[in-house]
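What follows is a short report on a single structure.
The values are calculated or read from the model by the stated rules, or taken from the named source; none is laboratory data. In this text the structure is predicted, and so the values were computed from the model without any measurement. Here the Cβ positions follow ideal geometry from the backbone for every residue, glycine too, while neighbour counts run over all protein chains shown. Surface areas here come from the heavy atoms of the whole protein model, side chains and all, with no ligands, DNA or RNA. Shrake-Rupley method; radii C 1.70, N 1.55, O 1.52, S 1.80 Å.
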Amino acid sequence: MQIKECIVSAPGKAILHGEHAVVHGKVALAVSLNLRTYLRLQATSTSKVCINLPNINTFLSWDVAVLKQLLPDSGAELGNVNELDAELVRMLRNFVGVSNGTLDTRSMAILAFLYIYLCVFAKSRELPSLTVSVWSELPTGAGLGSSAAYSVCLAAAMLSASGTIPSPLSDQENTARWGEVEMELINRWAFQGERIIHGNPSGVDNAVGTWGGILRYRSGKITALSRVPMLRILLTNTKVPRSTKVLVAGVKDKMNKFPSIINPVLESVDAVSCTCEQTLTEMASDTPTPEHYNVLEELIDINQHHLNVIGVGHTTLDTLCQVTLARGLHSKLTGAGGGGCGITLLRPETECSVIQNTIQDLKDCGYDCWETRIGAAGVQQHSPLAVKEQVLEVLARY
Ligand SMILES: Nc1ncnc2c1ncn2[C@@H]1O[C@H](COP(=O)(O)OP(=O)(O)O)[C@@H](O)[C@H]1O
Ligand SMILES: C[C@@](O)(CCOP(=O)(O)O)CC(=O)O
Ligand SMILES: [Mg+2]
């Protein structure tokens with residue numbers, strides 16, 4: 001089978017407000033980051049499917065003939081873009097040798113890869129021999145949506161290689177984006193990948209990975225916020241490992257145990273997201289004032305308390321909040337919490353020396369800390385000419 005080689009990338013994300021609550025139908029506001037995951041898909045004649053995932057030290061290959069045995073004999077359609085095929089996931093778990101409740105990083109990444117590969121190519125009844133290499137600038141398992149960026153890249157590359165969606169690249173362009181129809185399809189397949197990795201994702205992360213920019217997300221409804229001020233944000237990685245799947249399941253348990261206590265907290269998080277959206281809109285239509293920033297800071301503090309109440313805080317995140325507050329800056333966790341990353345809002349008048357001292361204080365705690373740019377482009381296809389040399393070098397190594 002003739003397949004089309006490609007290089008694709010997708011951004012990570014930071015959630016401003018609404019993590020966890022968004023899983024239960026509340027509003028979240030999320031922004032794309034200037035840190036991306038890159039995937040290179042190459043056609044081979046080895047009759048093997050190879051996957052190289054250097055970020056998680058995983059390098060595997062299978063004979064195409066062995067993978068073909070996983071396809072249904074009947075020629076029935078495998079996998080549906082709108083729902084996870086539980087029987088296929090069960091078969092793949094057996095095939096990879098992992099149990100249902102596994103939290104093993106590598107197994108999740110492999111299952112998501114095999115699932116999307118089989119479903120997308122099963123339609124042609126001919127599985128191609130190929131090599132997929134993925135490299136990410138994002139820390140994995142730290143709240144910046146690495147699982148979604150990975151799933152978006154897998155979906156875009158498989159759909160493109162199989163010819164299901166056309167290449168958006170032209171002779172004049174070395175980097176290009178797909179149209180709405182194609183992005184919709186990429187996003188749906190990526191969501192299935194997120195389901196395998198997260199268990200019960202809201203879909204906000206893969207939406208940001210696909211569309212980029214600044215999004216409002218609620219129950220699958222995605223609204224791009226085009227009129228918002230350019231916020232300056234510090235990202236801090238506490239480096240405490242955690243699993244989104246476990247944290248999301250923990251919140252569900254708390255909801256089941258104390259519905260009358262936890263549900264109002266999630267309602268309040270929803271109100272924080274809506275108030276933040278309203279404030280950002282006002283800031284974009286008028287000149288942003290110090291009062292606007294005071295409101296944004298108060299919302300950050302309130303939401304951080306809510307996230308502690310629902311059980312997704314961590315002492316390292318408390319330290320982040322205290323250390324930045326000592327310099328007059330406000331922080332909250334971002335993503336699933338339980339460690340991982342936090343965001344700190346910088347005010348326009350925040351002096352350079354304050355930012356530098358804050359970064360140093362956080363580094364002294366053993367954390368990574370850097371100022372990020374938000375609103376990066378969503379999923380893209382690149383010609384090799386358009387990919388940074390270091391990234392190309394890593395992708396070409398395998
Ligand atoms: N670059 C990558 N290569 C391979 N697997 C990845 C990569 N990025 C993410 N993953 C998968 O996503 C998982 C992390 O997802 P998750 O716990 O949701 O954290 P987050 O999305 O916040 O980084 C990893 O354990 C791995 O299975
Ligand atoms: C906690 C949650 O709201 C965000 C998880 O983000 P991350 O995987 O920690 O980057 C879950 C979700 O929305 O699917
Ligand atoms: Mg994730």
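Below, the figures for the structure above:
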read-out: Count of residues meeting criterion [over 25 Å from the mean Cα position of the chain (by Cα), in a helix (DSSP H, G or I) and not polar (S, T, N, Q)] in the range 346-397; value: 6
read-out: Pick from the range 1-50, criterion among the β-branched types (Val, Ile, Thr) and over 28 Å from residue 298 (Cβ atoms), ranking: modelled with the lowest pLDDT; value: 3
read-out: Residue that is nearest to ligand 1 (Cβ to nearest atom), among those in the range 193-245 that are of a type in the set (A, V, I, L, M, F, W, C), farther than 19 Å from residue 29 by Cα and not in a loop (DSSP other than H, G, I, E, B); value: 197
read-out: Top-ranked residue in the range 35-69 [being open to solvent by less than 30 Å² (accessible area, probe 1.4 Å) and among the polar types (S, T, N, Q); ranked as nearest to ligand 3 (Cβ to nearest atom)]; value: 37
read-out: Cross-chain or 6+ apart pairs with Cβ under 9 Å, the range 107-118 first and closer than 14 Å to residue 149 by Cα and within 15 Å of ligand 3 (Cβ to nearest atom), then assigned to a helix (DSSP H, G or I) and open to solvent by less than 10 Å² (accessible area, probe 1.4 Å); value: 112/151; 112/154; 112/192; 112/193; 112/194
read-out: Positions within the range 351-363 being touching a helix residue (DSSP H, G or I) at 6+ places or on another chain (Cβ under 9 Å) and open to solvent by 20 Å² or more (accessible area, probe 1.4 Å), in sequence order; value: 361
read-out: Residue 79 being at pLDDT below 95, open to solvent by 20 Å² or more (accessible area, probe 1.4 Å) and farther than 22 Å from residue 235 by Cβ; value: no
read-out: Residues of the range 97-125 that turn out to be among the β-branched types (Val, Ile, Thr) and either open to solvent by 30 Å² or more (accessible area, probe 1.4 Å) or not assigned by TED's automatic domain parsing to the domain that holds residue 189 (or both), as a count; value: 1
read-out: Single match in 239, 254, 221 (criterion: open to solvent by 20 Å² or more (accessible area, probe 1.4 Å), in contact with a helix residue (DSSP H, G or I) (Cβ under 7 Å, 6 or more places away or on another chain) and either under 21 Å from residue 139 (Cα atoms) or away from ligand 2 (no atom under 12 Å from the Cβ) (or both)); value: 254
read-out: Options 103, 70; residue that is over 24 Å from the mean Cα position of the chain (by Cα) and part of a loop (DSSP other than H, G, I, E, B); value: 70
read-out: Failed item in (1) away from ligand 3 (no atom under 16 Å from the Cβ); (2) in contact with a helix residue (DSSP H, G or I) (Cβ under 8 Å, 6 or more places away or on another chain), with residue 32 passing the rest; value: (1)
read-out: Residue list for the range 128-173, restricted to those being in a loop (DSSP other than H, G, I, E, B), within 15 Å of ligand 1 (Cβ to nearest atom) and open to solvent by less than 20 Å² (accessible area, probe 1.4 Å); value: 138, 142, 143, 144, 145
read-out: Some residue of the range 266-278 being in a helix (DSSP H, G or I), in contact with a Lys or Arg (Cβ under 8 Å, 6 or more places away or on another chain) and away from ligand 2 (no atom under 15 Å from the Cβ); value: yes
read-out: Restricting the range 372-398 to residues that are closer than 22 Å to residue 235 by Cβ and free of Cβ contacts under 8 Å to residues at least 12 places away in the same chain, the residue that is least open to solvent (accessible area, probe 1.4 Å); value: 388
read-out: Subset of the range 83-96 (residues that are in contact with a Cys (Cβ under 8 Å, 6 or more places away or on another chain) and either open to solvent by 60 Å² or more (accessible area, probe 1.4 Å) or in a loop (DSSP other than H, G, I, E, B) (or both)); value: 85
read-out: Any hit, the range 334-347, residues being open to solvent by 40 Å² or more (accessible area, probe 1.4 Å) and either under 14 Å from residue 301 (Cβ atoms) or not hydroxyl-bearing (Ser, Thr, Tyr) (or both); value: no
